[in-house]
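J.: Following this message is one structure expressed as structure tokens.
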Amino acid sequence: MNSAAANAVVSPSAEAVIDVKGLTKKFGERTVVDDFAIRVNRGQIYGFLGPNGSGKTTTIRMLCGLLTADAGEGQCLGYDIRRESQQIKRHVGYMTQKFSLYEDLSLAENLDFIARVYDVKDRKQAVDKTLERLGLTARRTQLAGSLSGGWKQRLALAACLLHEPKLLLLDEPTAGVDPKARREFWDQIHDLAADGLTVLVSTHYMDEAERCHALAYIAYGRLLANGTATQLIQQSGMTTWSAAGPDLHDLARELRGQPGVDMVVPFGTTLHVSGADATQLEQSLAPYRERTGYRWVRIEPGLEDVFIGLMNSAKDNFQ
Amino acid sequence: MNAYFSWPRFLAVLLKEFVQMKRDRLTFGMIVGIPIIQLILFGFAINTDPKGLPAALVVNDESVFSRSLVRSLENSQYFKFTHRATSEAEADRLLQLGDVQFVLVIPSDFSRKLQRGERPQLLLAADATDPSATGNALATLNQTVKQAMDRELVGPLSGLKPGELPVDLRVQRRFNPEGITRYNIVPGLMGVILTMTMIMMTALAMTRERERGTMENLLATPVRPIEVMAGKIAPFIIVGYLQVTLILSAAKLIFGVPIVGSLVLLSLALIVFIAANLSVGFTFSTIAKNQLQAMQMTFFFFLPSMLLSGFMFPFRGMPEWAQWIGEALPLTHFLRIVRGVLLKGNGLAEIVPELWPIGLFMLVAGTVALKRYRQTLD
């Protein structure tokens, strides 16, 4: 757990950049986002987590005016999300899940286009500065289509930053990007947040989730939990045991379905066994802990354990 | 199993193609729709032997002979006297405007000279810009006139019957005296080429944004629909003018097409025509899900445009319902403008009646396009 991130959580009295309530979106009969509320303070890096199809992208699109909410109210950067999407667009940098700049334009041409669309002052310098800032200057004449995933993501971030937005909405920005590029990307995000930029980022990576100041977990269009990573782990009330030893796969098979055992997840050479009810879990595990050759340790549950636990309990509620 | 060709593998691809074909309703519609449209258009609408062509009549000598002549011409079914002009100048104007295909002038001393056996002049002026539209009517003309005269020249006048025609029939093929088909086709091609390329290019330009996913980014920026539309259309207007320059140069230098009217005036009409086509393309691009569908829609519009506009077949030869469809298409009106300006030397006053329908079409198509273009992804 990144303690620096936990400490950086801004107090509730701080200035809210996003503050929405009751946000609902339906596609035909299907409710994709249901009664969603979120509050993001200035300078925060807010992580959006949840399984595929949980409504993360839809929520982000509603926040930046790409989709109109069927119900709900609130403000984004002080503008009404339902009526003032045009103003919101001016001050938001939105990075789409899929690369959405022009592959047949060069890096500089792409940025120049974006700068013109946003009516950026001193366009040429702004483009040069942004290219420099993200280390893209050497590739400025290269066509965007010829870039690899990591560089495309950098270019997309550059395009988002060009008009000096106050809020960044990043939709799975690091999907398919190698670990080094991801780490560099997150260093950038933290630098930006330190300068006062607010960032809402959706991700599937737990290490990225841990680098966020606050997290929201969504499933089936509903907000299941939010808070800092530490808070989420504490709130979950989950107990996790780690087992090391031979034939973990067989052990896992035996453990599944035992009372109190909610989750059995292999982690390389160890097995993580978690449950919401600590006493019952302990009772169930007692006979196994006697077995020779196994080493059992009680550990703090990871975010992933917590989220999968949330998902499983959510399934019971909604399906 | 054969290493080079495996039936199960072939079947896998085949079945997949059928499933995909079934999913793409528009393609499926094309498979059925195109033959039906072609059958209807070629089977019912197109007629290379146009009859009932509108004609103006200038009668300076009301007599039994002139009445008989008019009746015979109408009975031949090729001529239909829709206008009666008091002077030749007035009739010529009708010809210039394209309101009539023919003008028949019966001179004031017609019956007197006829009775004296002096072979009076009978003038038939034809709008020959489209030689195929007037060809058959003119071919039967001699015979029809002879029959009419034979019927009336009875009693003491019957002596005038035998031998040559008792009147001096003068046929003037206006605007294209030699009846050269390419004088009609080459200017028309300008309209056809512009229709095809303008619609296709804009339809693809917008659909490409959606297909490549760049639309989402564009929508997230403050750019407004009207800005996108204008920005996308303007470059193609320039492309359109390039094509026009190319076609006009070829028309003049290679095909020797006369350019009687003002090119400045033609350029003015071109702006409206090109913009109308671009609006259609833009509308298609808001409907089409991918570039293939955009192409198909373009073809759907292009086919009737080419067949019903009077480009390939005489407009007046088509049944009324087909003419109505034709009147709704910008190409129909543009063909009249371009042929009118280049061959007839028409001025602004003569082309306005054809220009405003194109303008109206552009407004309607542009409104639909803007209404359909959404600023959100809903």
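Computed from the coordinates by the stated procedures, all read-outs in this text should not be read as laboratory data. What you see is a predicted model, and the numbers here were worked out from it, not measured in a lab. We place every Cβ from the backbone using ideal geometry, glycine too, and count neighbours over all the protein chains shown.
J.: I'd like the Karplus ³J(HN,Hα) series for region B:207-213: coefficients 6.51, -1.76, 1.60, θ = phi - 60°, whole numbers in Hz, and an x wherever there's a Gly or Pro.
T.: 5, 4, 4, 6, 5, 8, x
J.: Assuming a ≥ b ≥ c are the square roots of the Cα gyration tensor eigenvalues, decide whether chain B counts as rounded (a/c under 1.5), prolate (otherwise, with a/b larger than b/c) or oblate.
T.: Working: a/c = 3.16, a/b = 2.10, b/c = 1.50.
Prolate, because a/c is 1.5 or more and a/b exceeds b/c.
J.: Please say if region A:239-300 is rounded, prolate or oblate, where rounded means a/c under 1.5 for a ≥ b ≥ c the square roots of the C-alpha gyration tensor eigenvalues, and otherwise the choice is prolate for a/b larger than b/c and oblate otherwise?
T.: Rounded, since a/c falls under 1.5.
J.: Here's a follow-up. Remind me, relative contact order of chain A in percent, using alpha carbon pairs under 8 angstrom and six or more residues apart?
T.: Once normalised by length, the contact order is 19 percent.
J.: Sort B:S132, A:S202 so the one with the fewest other Cβ atoms within 10 Å of its own Cβ comes first.
T.: Working: B:S132 18, A:S202 24.
Least crowded to most crowded, the residues run B:S132, A:S202.
J.: Another question, then. Where both residues lie in the protein assembly as shown, what percent of DSSP beta bridges are antiparallel, nearest 5?
T.: 55
J.: Report, in degrees rounded to the nearest 10, the 0 to 90 angle that the Cα long axis of helix A:123-133 makes with the longest principal axis of chain A.
T.: On a 0 to 90 degree scale, this one is about 30.
J.: While we're on this one: Could you tell me the relative contact order of region B:181-372? Use alpha-carbon pairs under 8 Å, at least six residues apart, and round to a whole percent.
T.: Normalised by residue count, the contact order of region B:181-372 is 35 percent.
J.: Could you derive backbone 3J(HN,Hα) for region B:289-300 from the dihedral phi with the Karplus parameters 6.51, -1.76 and 1.60 (θ = phi - 60°), listing whole Hz in sequence and x where the residue is Gly or Pro?
T.: Those phi angles translate into 8, 8, 5, 5, 5, 4, 5, 5, 5, 4, 5, 4 Hz.
J.: Name the residues whose placed amide hydrogens come within less than 5 Å of the amide hydrogen of A:D262, ignoring near sequence neighbours (fewer than 5 apart) on the same chain.
T.: When sequence neighbours closer than 5 places are left aside, the close amide H contacts are A:S274, A:G275, A:A276.
J.: So what is the 222 nm mean residue ellipticity for chain B from helices alone, if each DSSP H run of at least 4 adds -39500 (n - 2.57) and you divide by all residues, rounding to the nearest 500 deg cm²/dmol?
T.: -21000 deg cm²/dmol
J.: Add -39500 (n - 2.57) for each DSSP H run of 4 or more in chain A, then divide by its residues: what number comes out at 222 nm, to the nearest 500 deg cm²/dmol?
T.: -11000 deg cm²/dmol, from helical runs alone.
J.: By how many nm would the segment from B:F10 to B:L263 grow when fully extended, if each residue of separation counts as 0.36 nm and the alpha-carbon distance is taken off?
T.: 85.3 nm
J.: Still on this structure, please answer the following. Let's test the formula: R0 of 45 Å, r as the Cβ-Cβ distance of A:R133 and B:I271. What FRET efficiency results, to the nearest 0.05?
T.: 0.50
J.: List every residue whose amide H lies under 5 Å from the amide H of A:V33, counting only residues 5 or more places away in sequence or on a different chain, with H placed 1.01 Å from N in the peptide plane.
T.: Counting only residues 5 or more places away or on other chains, the set is A:K25.
J.: If you average the alpha carbon positions of region A:255-276 and of region B:302-378, how far apart do those two centres end up, in angstrom?
T.: 73
J.: Any idea what angle helix B:64-75 forms with the longest principal axis of chain B, computed on alpha-carbon atoms, 0 to 90 degrees, nearest 10?
T.: Here the helix axis deviates by roughly 30 degrees.
J.: Spelling out what I want: for every residue of region A:183-189, take phi, set θ = phi - 60°, compute 6.51 cos²θ - 1.76 cosθ + 1.60 (Karplus), and round to whole Hz; glycine and proline get x.
T.: Result, rounded to whole Hz: 4, 4, 4, 5, 4, 4, 4.
J.: Calculate how steeply helix A:303-318 sits against the longest principal axis of the alpha-carbon atoms of chain A, using the helix alpha-carbon long axis, and give the answer as 0 to 90 degrees to the nearest 10.
T.: Taking Cα atoms only, the helix is inclined about 90 degrees.
J.: Test of understanding: in a Gaussian network model of chain B with alpha carbons linked when under 10 Å, which of B:F110, B:F81, B:F255 would top the mean-square fluctuation ranking?
T.: In the Gaussian network model the winner is B:F255.
J.: Okay, next question. For A:A219, which sequence-distant residues (separation of 5 or more, or a different chain) have an amide H within less than 5 Å of its own amide H, given hydrogens modelled in the peptide plane?
T.: Residues meeting the criterion, in which the H sits 1.01 Å from N, are A:L224.
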